[in-house]
Amino acid sequence: MKTKINVGVIFGGRSVENEISVLTAIQAMEALDTEKYDITPIYISKQGNWYTGEALRKSENYRHMDKLFKECQEVYLRPIYGDNNLYKVKKSLFGSDVAAKLDVILPALHGTNCEDGSFQGTIEMTGIPYAGCNVLASANGMDKITMKMILAESGIPVIDYTWFSDKEWFDAQERVVERVEAKLQYPLIVKPADSGSSVGISAVHNQKELIEAVENAVTYSKRIIVEKLVEKLKEINCSVLGNYYECEASVCEAPIRSGEILSYADKYLGGGKGSKGAVKQSEGMRSTVREIPANLPQATTDFIRTTAVETFKALACDGVSRIDFMIDEATDKIYVNEINTIPGSLSFYLWEATGVSFQELLERLIAIAFQRKRDSSFKTTSYKENIFNYSTGALGAKGAKGSKR
């Protein structure tokens, strides 16, 4: 009998996007082929504790977190290379302290402390194959400032922007405002540099609104980016699947927004209200009201799909990402807005519209994870020679820098 691959689906996290991550993970676990894969759900709480248990697979259980945690087992990974085990925090008197052995990890994490390379670095320490972007691509993709610097240097169009730190704002607010207004004209958009799901983002039309928006944004991030707001805006999203050297683009979508920017409610609550005004039950990015495929001229579609692939490669991505574009309908100029290296719902709806089922998407993500692991095994990580076995005099008792002449 063929042994199944055990997939650790990790989600939640110390992030404002914790709940959205739960929805992404549950959708993925429902779509995985159980003939090929065993599934180990692993939830990271908002406090940073890790849990596993079948109760984590049902969204309604997250309404009562204390009860949910009692039905689950607290676990942890050891940062030792080659150790694929998930360990129980509370070991029983008899029996193993291993809760599961993970063959591959499927991250379904969003936002700060999760999608920004922090989690990826932890998994790199264990050597367990994992789907999606590595540490570098995750960090660069999450930080909107760094991302725009890389894309601009690569010849990929981005909107005019400026940025500053929270400390600059606290110490010299007037000077920062002057700098912003000298470079950009209202209306503007203010964003935390490293958050997602439209959290902390505001459109501003004057100095008073600018100050209020920055005061809000600094509660989420230590770096703030301010961009020119495109007033006649059409937003287009496109997903890319593959690795840093071979990848393909999905069809495009046009999400429908209720205001000047695509809000959290637009993304996850279909505008935020049901037919009678009640808040709707979220289904993650599945809840977004969208036009798919986007009704665009063929030349525009081709440009966006090509640029999406170029963006994916410029940031050295792996797995599946979603690249969000802005079309200025006043000038017909197209800009890359941002990349989501672990997109909500893993962008399965874009791939289904392209002809790739959610199940096939997940299989390809897992295959890419194993391929990256194989590729990395051919790279040199250390030299066999031990310099301490050589007595050439090059190293003194305090090392080369400590030697006296």
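The values are calculated or read from the model by the stated rules, or taken from the named source; none is laboratory data. Keep in mind that what you see is a predicted model, and the values were worked out from it rather than measured. For neighbour counting, all protein chains shown are included, and Cβ atoms are generated from backbone atoms with ideal geometry for every residue, glycine included.
All of 67, 88 fail the test of being modelled with pLDDT of 95 or more, of a type in the set (D, E, K, R) and crowded, with 17+ Cβ neighbours inside 10 Å, apart from 88.
Kindly indicate whether residue 76 is out of contact with any helix residue (DSSP H, G or I) (no Cβ under 7 Å at 6 or more places or on another chain), closer than 23 Å to residue 351 by Cα and of a type in the set (Phe, Trp, Tyr). No: the conditions fail for residue 76. Among residues of segment 103-120 being among the β-branched types (Val, Ile, Thr) and more than 19 Å from residue 339 (Cβ to Cβ), the one that is surrounded by the most Cβ atoms within 10 Å (Cβ to Cβ) is 105.
Of the residues making up segment 80-124, those that are among the charged types (D, E, K, R) and more than 19 Å from residue 47 (Cβ to Cβ) number 6. Note on segment 196-239: among residues that are farther than 19 Å from residue 325 by Cα and part of a strand (DSSP E or B), the one that is farthest from the chain's Cα centre (by Cα) is 204.
This table checks each residue for (1) without any contact (Cβ under 8 Å) to a residue 12 or more places away in the chain; (2) surrounded by fewer than 21 Cβ atoms within 10 Å (Cβ to Cβ); (3) of a type in the set (A, V, I, L, M); (4) in the same structural domain as residue 126 (by TED's automatic domain parsing).
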| position | (1), (2), (3), (4) |
| --- | --- |
| 334 | no, yes, yes, no |
| 340 | no, no, no, no |
| 343 | no, no, no, no |
| 348 | no, no, no, no |
| 352 | yes, yes, no, no |
| 356 | no, yes, yes, no |
| 360 | yes, yes, no, no |
| 364 | no, yes, no, no |
| 368 | no, no, yes, no |
